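These notes concern the structure reproduced below.
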Amino acid sequence: MVILDGFINILKLYCIVVCVILPLYLVLVQCRNKDLDKKSFNKLIVWKVLLFGAIPIILMSLCSHHLEKIALTEVRDFLSHSDSKIQISVNGVIVQDYGRYLPVLQDITRKASHRSHDTGKIEIVIRKGSDNMELFLGRDSQIPTEYWVFYPKYKHTTRNEIGRITTNVFDGY
């Protein structure tokens, strides 16, 4: 996973260079060439921007989607192999009845967006022996029993949403 995370960071840097710096450089180089008429010059620039800009953007989109699936699978695997030494804390407070929270967290699913946003932030830390997993929940602005689940480990997007849960277990937070 560390290799994949490093690959994503390199790909992001590549996108910045290729989408922004390279087209500008090509424009400047072509401006020095007086042999091209304006129409040919514009076509050349458009094709270069499409070629060097579209491919990295498509790759980033595919990689981000794949990382989202990897993150969701990792969270599900971690939560499904529960044992008696599990400890869940919500906003820094250890919950006594983790059996009430665990099934809800195991039910993370991908749902289509419905033009809402998350409100607030609930920090969930699950400890199993020496392993820890940190999740963040955000309550949906339109459906109060729906929570957006964020897993910040891979930083594949600015938000790192991996799915949603529907519950009233976190109503007090």
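In the set Gly163, Gly172, Gly99, only one residue is assigned to a loop (DSSP other than H, G, I, E, B) and either out of contact with any Gly (no Cβ under 7 Å at 6 or more places or on another chain) or open to solvent by less than 70 Å² (accessible area, probe 1.4 Å) (or both); that residue is Gly172. One residue stands out among those in segment 52-69 that are within 17 Å of Glu161 (Cα to Cα) and in contact with a helix residue (DSSP H, G or I) (Cβ under 7 Å, 6 or more places away or on another chain): the one that is modelled with the highest pLDDT, which is Leu67. For segment 81-92, does any single residue satisfy the condition of being under 30 Å from Ile57 (Cβ atoms), open to solvent by 20 Å² or more (accessible area, probe 1.4 Å) and either out of contact with any His (no Cβ under 7 Å at 6 or more places or on another chain) or assigned to a strand (DSSP E or B) (or both)? Looking for residues that are under 30 Å from Ile57 (Cβ atoms), open to solvent by 20 Å² or more (accessible area, probe 1.4 Å) and either out of contact with any His (no Cβ under 7 Å at 6 or more places or on another chain) or assigned to a strand (DSSP E or B) (or both), one finds none in segment 81-92, hence no. Looking only at residues in segment 102-125 that are touching an Asp or Glu at 6+ places or on another chain (Cβ under 9 Å) and in a strand (DSSP E or B), the one that is farthest from Tyr147 (Cα to Cα) is Val125.
Looking only at residues that are surrounded by 13 or more Cβ atoms within 10 Å (Cβ to Cβ) and not hydrophobic (A, V, I, L, M, F, W, C) in segment 70-80, which one is farthest from Leu105 (Cα to Cα)? Steps first, please.
Quick first cut of segment 70-80, residues surrounded by 13 or more Cβ atoms within 10 Å (Cβ to Cβ) only: 70-72, 74-76, 78-79.
Narrowing further to those that are not hydrophobic (A, V, I, L, M, F, W, C): 74, 76.
Details: Glu74: 13, Arg76: 8 Å.
Top of the filtered list is Glu74.
Checking Asp118, Asp140 one by one, the residue that is modelled with pLDDT under 85 and open to solvent by less than 40 Å² (accessible area, probe 1.4 Å) is Asp118 and no other. Of the listed requirements (1) assigned to a helix (DSSP H, G or I); (2) surrounded by 15 or more Cβ atoms within 10 Å (Cβ to Cβ), Leu135 misses just one: (1).
The values are calculated or read from the model by the stated rules, or taken from the named source; none is laboratory data. Computed from a predicted model, the values in this text were never measured in an experiment. Note: ideal-geometry Cβ built from the backbone for every residue, glycine included; neighbour counts use all protein chains shown. The area values use the complete protein model at the heavy-atom level, side chains included, leaving out ligands, DNA and RNA. Shrake-Rupley method; radii C 1.70, N 1.55, O 1.52, S 1.80 Å.
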